[in-house]
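Single-structure report; data block below.
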Amino acid sequence: MLTPSYLIQQFINALNMGSIYALVAIGLTVVYGILRLINFAHGDMMTVGAYLALAVLSSLALPAWTALLIPVFVVAALGVLIERLAYRPLRGAPEVAMLITSLAVSSLIENGATMTLTAQPRPVRLPAELVQRVDALGINFAVMDGVIVALAVALMIALSLFVRRTTIGIAMRACSENVRVTQLMGIDVNRVIAVAFAISAGLAAVAGVLWSGKFGIVDPFMGFVPGLKAFVAAVIGGIGNIPGAMLGGYLLGFAEVFFVAFMPPEVSGYRDAFVFVLLLVVLLVRPSGLLGTREVNRA
Amino acid sequence: MLSVQDLHVYYGRIHALKGVSLEVHAGEIVALIGSNGAGKTTTLTALSGLLRPRSGSIRFEAQDLTRLPVHQIVRLGIVHCPEGRQVFARLSVIENLRLAAAHRADRAGIARDLQRVYDLFPILAQRRDQYAGTLSGGEQQMLAIGRALMSRPRLLLLDEPSLGLAPLVVENIFRVIETLRRDGVTILLVEQNAYQALRLADRAYVLETGYVKTHGPAHALADDPAVKAAYLGG
C-alpha cells in the first residue's frame with residue numbers, strides 16, 4: 001500500500017492542489033485586504049476562465065499557450081468590470097451589502113452559464129505534450145503536474161515582487177491598512193482597487209484553467225468548491241495576508257490529499273468536513289490565522 | 001488662497017459644522033483652536049474632501065473643492081496631515097515617504113524633497129528601512145509631517161501635531177513648522193495646545209460647537225480675556 005511511488009504520487013498531487021488553492025486564496029485575500037469584502041463570486045472566475053480555455057482549445061486554431069493567456073486577460077477585465085458595476089456603488093455601505101452582492105454575482109454567473117452552456121459537464125482534452133509523463137529527479141509525473149506547480153510558484157514570486165517593489169503595490173498595501181489615509185497621499189484608490197480586482201480575477205482564471213486541465217472537466221459550478229476551500233485557506237493563513245494565503249493554500253492541499261490517501265476509504269469521503277475541522281482547530285489556536293495580525297478597528 | 005464660506009457638515013444626523021467661514025492667505029499660519037468636539041478636525045476633514053459638506057463653499061484659488069475627489073485635492077497642493085499620525089505601520093519609512101510622492105512626475109524634485117525631509121528629521125534617514133509601526137510616537141509624527149511634505153504642499157493642513165508627544169519632541173515639531181513657513185508653505189494648524197498655537201500663528205479662529213466664535217490676529221486673541229479664560233487657563 002504505502003509504497004514509495006504511492007507516496008510520491010500523493011505528494012505531487014498535494015503540491016498540485018495546494019498550488020491551485022493558493023492561487024485562488026491570494027485573489028480572495030488581496031480583495032479582502034482592501035475592501036473587507038469576502039468575494040463569493042471569486043470561484044466563478046475560475047469557471048469562466050476554464051470555459052474560455054476550453055473554447056480556445058477546442059474551436060480556435062491557436063497555439064495551446066493562448067488557452068492560458070486569453071482567459072487570464074479576459075477574466076481580469078471581467079473582474080474589473082464587476083467591481084465597477086456591482087461593488088463600487090456600495091462603497092461606504094455596510095460590508096454585508098457588498099458580500100450579499102457578491103453572492104448575487106456568483107449566482108448570476110453560475111445560472112447564466114447553465115442557461116447558455118447547459119449544466120452538462122464538458123470534457124477538456126489537453127494537448128498531447130501536457131499529458132505525457134516524464135522522469136525527472138527520480139520521480140515520474142505528468143508534464144501537466146509540473147506545469148501547475150511551476151506556473152503557480154512563478155506567479156506567486158511575481159506577485160510578491162509586484163507588491164513589494166512597485167508604487168501601485170505599495171499603494172495596495174497602504175490601502176489594506178487604511179483606505180482613507182491612502183487617499184490623502186494623493187493616490188487614486190479606485191485605480192488601486194481596479195488593479196487588485198484584475199490581479200485577483202486573473203489569478204483565479206489561471207487556477208480555473210489548471211483545475212480543468214488536471215481533472216479534465218468543466219461545468220458551470222466547478223468553481224464553487226475550490227472557491228470555498230480557497231476561502232478556508234485564506235482564513236487559515238490570516239485573511240488579508242498574501243504570504244498567509246500561499247501558506248494556507250499549500251497546507252490545505254497537503255492536509256486534504258493526505259487525509260484521503262491515508263484514511264480508510266469509508267472515512268476519506270469526509271475530506272471536505274475534515275478541511276473545515278482543520279479550519280476550526282487553527283482558528284481556536286490562532287483566531288487571526290497563522291500569519292494574520294489582529295484586526296484593528298478602522299475609522 | 002483658501003476661502004471657506006458658510007460650511008455645514010453632518011456626521012450622519014449630527015450637525016457638526018454649523019456655518020463655518022474662514023480665510024487663509026498665502027504665506028500665513030492660521031490656527032484653529034477650540035475645545036474637544038468644537039469642529040476643528042471636522043473642518044480639516046471637509047477641506048481635504050474626506051467628508052463632503054451638506055452646503056457651503058470651499059474655494060482654493062478660485063477653484064471649487066467641494067466636488068473634487070480627494071486625490072485631486074492633494075494634487076492641487078492641499079495636503080492633510082491627519083490627527084493621530086496615521087502612518088502606514090506595515091510600510092517602511094521610505095515606502096511611506098515614496099507613496100506620498102507617487103502622484104508626482106518630477107523625479108529630481110522628489111529626490112530634493114526627500115533630502116529635505118531627512119535634513120529636517122535626521123532620525124528618519126536612520127530608520128529608512130524600518131516598518132513605520134516600530135517607530136516611537138514622536139518619530140511617527142515626524143514621518144507623518146515628512147510624508148505630507150513629500151506631496152509638495154502649498155497649503156498644509158496640520159491636525160494636532162503635538163498630541164501626546166514629549167515636550168522636547170513638541171518643541172522640535174514646532175520649530176519645523178516655523179521652518180516650513182519660511183520656505184513659503186501656508187499652514188492651517190489645528191491645536192489643542194492653544195498657547196503654543198497662538199504663539200506660532202499669524203491669525204486664529206476660535207471654534208465652539210460648530211461655530212466660529214471669534215477670530216483675529218493671534219496676539220490679539222492671546223490677550224482677549226474671554227479666550228484666555230476659556231482656552232489658555234486664565
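The values are calculated or read from the model by the stated rules, or taken from the named source; none is laboratory data. The structure displayed is predicted, hence computed values, not measured ones. Counting neighbours? That spans all protein chains shown, and the Cβs are built from the backbone with ideal geometry, glycine included. These area figures cover heavy atoms from the full protein model, side chains too; ligands, DNA and RNA do not enter into them. Shrake-Rupley method; radii C 1.70, N 1.55, O 1.52, S 1.80 Å.
Here are a few things to note about the model shown:
- Contacts under 6 angstrom Cβ, first residue in the stretch B:88-101 being more than 7 Å from chain A (Cβ to nearest Cβ), partner of a type in the set (D, E, K, R), 6 or more apart: B:Ser92/B:Asp129; B:Val93/B:Arg127; B:Val93/B:Arg128; B:Ile94/B:Arg128; B:Asn96/B:Arg147; B:Leu97/B:Arg147
- Near pairs, Cβ below 8 angstrom, 6+ apart or cross-chain, from the stretch B:12-37 (basic (Lys, Arg)) to any residue that is open to solvent by less than 10 Å² (accessible area, probe 1.4 Å) and assigned to a loop (DSSP other than H, G, I, E, B): B:Lys18/B:Gly210
- Scanning the stretch A:183-199 finds one or more residues that are open to solvent by less than 30 Å² (accessible area, probe 1.4 Å), within 14 Å of chain B (Cβ to nearest Cβ), in contact with a Lys or Arg (Cβ under 6 Å, 6 or more places away or on another chain) and modelled with pLDDT of 95 or more.
- Restricted to the stretch A:83-102, and to residues there that are among the aliphatic types (A, V, I, L, M), under 22 Å from A:Phe221 (Cβ atoms) and over 18 Å from the mean Cα position of the chain (by Cα), the residue that is most open to solvent (accessible area, probe 1.4 Å) is A:Ile100.
- Members of the stretch A:114-131 found to be over 21 Å from A:Leu62 (Cβ atoms) and either part of a helix (DSSP H, G or I) or open to solvent by 90 Å² or more (accessible area, probe 1.4 Å) (or both), listed by number: A:Thr114, A:Met115, A:Thr116, A:Gln120
- Restricting A:Asn178, A:Asn140 to residues that are of a type in the set (S, T, N, Q), open to solvent by 20 Å² or more (accessible area, probe 1.4 Å) and within 14 Å of chain B (Cβ to nearest Cβ) narrows the list to A:Asn178.
- Selection status of A:Arg164, buried (at least 18 other Cβ atoms within 10 Å of the Cβ) and within 23 Å of the chain's Cα centre (by Cα): no
- Test: residue in the stretch A:229-236 that is on the phi > 0 side of the Ramachandran plot and open to solvent by 20 Å² or more (accessible area, probe 1.4 Å): no
- Selection of first residues in the stretch B:163-175 that are on the phi > 0 side of the Ramachandran plot and of second residues that are exposed (fewer than 12 other Cβ atoms within 10 Å of the Cβ) and outside any helix (DSSP H, G or I), restricted to Cβ pairs under 7 Å at least 6 apart or on distinct chains, gives an empty result.
- Residue within the stretch A:64-80 that is under 23 Å from A:Val225 (Cα atoms), surrounded by fewer than 16 Cβ atoms within 10 Å (Cβ to Cβ) and modelled with pLDDT under 95 present: no
- Residue check for A:Ala152: surrounded by fewer than 24 Cβ atoms within 10 Å (Cβ to Cβ), among the small types (Gly, Ala, Ser) and under 14 Å from the mean Cα position of the chain (by Cα): no
- Residues that are assigned to a loop (DSSP other than H, G, I, E, B) and within 23 Å of B:Pro167 (Cα to Cα) within the stretch B:102-153 comprise B:Phe121, B:Arg127, B:Leu135, B:Ser136, listed in sequence order.
- Residue selection: A:Ser212 fails the criterion of being more than 14 Å from chain B (Cβ to nearest Cβ), of a type in the set (S, T, N, Q) and closer than 26 Å to A:Ser176 by Cα.
- In the set A:Val56, A:Val124, A:Val105, only one residue is under 18 Å from the mean Cα position of the chain (by Cα) and on the phi < 0 side of the Ramachandran plot; that residue is A:Val105.
- Test for A:Arg271: is it open to solvent by 20 Å² or more (accessible area, probe 1.4 Å) and either modelled with pLDDT under 95 or more than 14 Å from every other protein chain (Cβ to nearest Cβ) (or both): yes
- Enumeration of residues in the stretch B:83-94 that are buried (at least 23 other Cβ atoms within 10 Å of the Cβ) and of a type outside the set (Phe, Trp, Tyr): B:Arg85, B:Val87, B:Val93
- Any chance B:Arg59 is over 15 Å from B:Gln140 (Cα atoms), more than 7 Å from chain A (Cβ to nearest Cβ), among the charged types (D, E, K, R) and in contact (Cβ under 8 Å) with a residue 12 or more places away in the chain: yes
- Set A:Gly202, A:Gly213: member being at pLDDT below 95 and buried (at least 24 other Cβ atoms within 10 Å of the Cβ): A:Gly213
- Check on B:Asp106, within 14 Å of chain A (Cβ to nearest Cβ) and without any contact (Cβ under 8 Å) to a residue 24 or more places away in the chain: yes
- Filter pass, A:Glu256 being more than 14 Å from chain B (Cβ to nearest Cβ), open to solvent by less than 30 Å² (accessible area, probe 1.4 Å) and among the charged types (D, E, K, R): yes
- In the set (1) exposed (fewer than 15 other Cβ atoms within 10 Å of the Cβ); (2) within 14 Å of chain A (Cβ to nearest Cβ), the condition left unmet by B:Asp119 is number (2).
Each row is one residue, and each column tells you yes or no for (1) in contact with a helix residue (DSSP H, G or I) (Cβ under 9 Å, 6 or more places away or on another chain); (2) of a type outside the set (A, V, I, L, M, F, W, C); (3) open to solvent by 10 Å² or more (accessible area, probe 1.4 Å).
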{"position": "B:Leu163", "(1), (2), (3)": "yes, no, yes"}
{"position": "B:Ala166", "(1), (2), (3)": "yes, no, yes"}
{"position": "B:Thr179", "(1), (2), (3)": "yes, yes, yes"}
{"position": "B:Ile187", "(1), (2), (3)": "yes, no, no"}
{"position": "B:Val190", "(1), (2), (3)": "yes, no, no"}
{"position": "B:Gln196", "(1), (2), (3)": "yes, yes, yes"}
{"position": "B:Val206", "(1), (2), (3)": "yes, no, no"}
{"position": "B:Asp223", "(1), (2), (3)": "no, yes, yes"}
{"position": "B:Val227", "(1), (2), (3)": "yes, no, no"}
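Yes/no matrix, rows are residues, columns are (1) within 12 Å of A:Ile34 (Cβ to Cβ); (2) out of contact with any helix residue (DSSP H, G or I) (no Cβ under 7 Å at 6 or more places or on another chain):
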{"residue": "A:Ser200", "(1), (2)": "yes, no"}
{"residue": "A:Ala204", "(1), (2)": "no, no"}
{"residue": "A:Val209", "(1), (2)": "no, no"}
{"residue": "A:Gly216", "(1), (2)": "no, yes"}
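- Which numbered condition B:Val20 misses (of (1) touching a Gly at 6+ places or on another chain (Cβ under 6 Å); (2) farther than 24 Å from B:Ser151 by Cα): (1)
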